[in-house]
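Before any comments, here is the structure.
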Amino acid sequence: MTATAERARNRLVHELTGHGWLTEAWQPAFATVPRHLFLPRFFRQTPDHSRYEAVDANDPGALELIYSDRVLPTQLDGDDARWEESRRYGPLDGVPTCSSTQPALMAVMLDALAVADGHRVLEVGTGTGYNAALLAHRLGSPLVTTVDIDAGLVRRARRSLAAVGYAPTVAASDGAAGYAGNAPYDRIIAACSVPQVPAGWLAQTRPGGLILTSLHREIGGGLLLRLTVDETGAASGHLLDDYGSFMPLRSCPTVRTSALVRAASQATGEMHETHLPGPLADDSGAWSALVALQLPDVARLDTGGPGAVACPPGWFMGVPRHLHPHGGTGRAASAVDRGGGPLQPVERARQARPPTHRCDHHPRRVTSQATGLAHRPHRDHRLTGPASDAG
């Protein structure tokens with residue numbers, strides 16, 4: 001398997017380099033670190049993306065999947081037993097709670113992190129440990145710290161890292177708090193999304209240090225933020241052109257779509273409709289990136305794909321946060337028509353099922369996919385001032 005895995009790994013490095021995602025500085029790490037040793041078992045989606053099938057690394061074709069440029073879920077619903085369940089009974093429903101990020105996105109983010117020899121790095125979201133191994137190969141294990149809230153994931157990642165000769169600090173703790181034991185850091189990189197940059201990250205970053213994370217919004221996320229911390233402990237920076245959607249930090253409060261639909265259907269007051277031209281919303285990634293900035297308190301109800309909310313395809317409805325089950329008793333509901341035609345009332349979603357969640361850690365160029373927009377706030381939108389704890 002070693003020779004076969006090496007050939008597969010080299011093909012992946014060639015692919016990533018050819019597309020411009022993998023830079024020369026990171027090629028040795030990607031060419032050396034064996035991804036398959038961090039993925040002894042994982043899930044793949046069924047062809048219709050509705051369910052997940054358990055895969056063992058020794059299964060026929062597994063090595064090709066591992067060294068393909070795709071995200072591979074490794075845990076569903078926070079329960080490791082779901083893998084054995086799928087192995088016994090076949091594909092099953094579930095929400096990914098851990099995955100190995102798409103290699104292209106890893107390469108893009110590691111390049112954006114702009115590390116230099118001697119830099120001390122904190123990774124939030126250990127997962128399988130593969131990204132920590134890439135960092136350890138580049139910088140040396142003593143300079144890398146990685147944390148994850150799931151103690152089981154941490155134990156497995158620590159074993160996998162040791163098996164391939166790396167020994168970074170691997171700790172089981174809430175990533176929102178960072179890891180004070182090895183602070184201060186020159187760089188913090190998050191393999192998760194946050195609604196706001198946690199205060200602990202700011203406090204543990206050296207002046208002039210960088211924080212790279214993904215923005216989480218109930219309506220959608222995927223915006224990559226690169227912030228520089230100044231001498232006062234505040235951070236400012238820019239949104240990157242690259243797009244990659246991550247699971248939210250587990251300590252972040254989120255709302256289940258089914259509860260949101262109930263709250264919307266029981267609300268009284270006015271219904272506000274917004275009609276947008278089709279070309280503006282043709283690309284879901286660019287569209288989500290734009291509205292995530294403009295509508296931070298609105299949640300998304302997906303309407304396409306298996307198990308989605310029962311509304312016409314290509315539309316979504318948003319409900320202000322004050323209608324969320326934990327957010328009080330507001331009296332307004334809103335909806336957005338992404339494609340044209342009359343908008344159906346929120347009441348049409350009363351009996352809707354919660355959506356099937358997909359885990360798509362794909363880097364995408366927001367600017368190139370929103371060419372019809374006259375204003376591109378993601379390129380020049382400056383983030384300044386203190387950030388509060390994500391909770």
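What follows is calculated from the coordinates using simple rules that are stated; it is not laboratory data. What you are looking at is a predicted structure, and each value in this text was computed from that prediction instead of being measured. Glycine gets a Cβ as well: all are built from the backbone with ideal geometry, and neighbour counts include every protein chain shown.
Between Thr23 and Glu231, the distance separating the two model label sites (each 7 Å from Cα on the Cα→Cβ line) works out to 2.8 nm. The packing ranking, built from the mean of other Cβ atoms within 10 Å per residue, places the peptides 167-180, 10-23, 77-90, 94-107 in the order 94-107, 167-180, 10-23, 77-90, highest first.
Counted residue by residue at 0.36 nm each, then reduced by the alpha carbon distance between them, the extension gain from Asp93 to Thr46 reaches 15.9 nm.
Using equal-weight Cα scatterers in the Debye expression, the normalised intensity of the range 1-108 in log10 at q = 0.12, 0.15, 0.19, 0.22 Å⁻¹ is -0.43, -0.65, -0.95, -1.14. The slack between Ala31 and Arg159, meaning 0.36 nm per residue of separation minus the straight C-alpha distance, is 44.0 nm.
Taking a ≥ b ≥ c as the square roots of the eigenvalues of the Cα gyration tensor, the range 83-122 is classed as prolate, since a/c reaches at least 1.5 and a/b is larger than b/c. The label-point distance for Asp111 and Thr2, in a model that sets each label 7 Å from Cα toward Cβ, rounds to 3.2 nm. Taking the number of Cβ atoms within 10 Å of each Cβ as an exposure proxy, the fewest-first ranking of Arg9, Arg206 is Arg206, Arg9.
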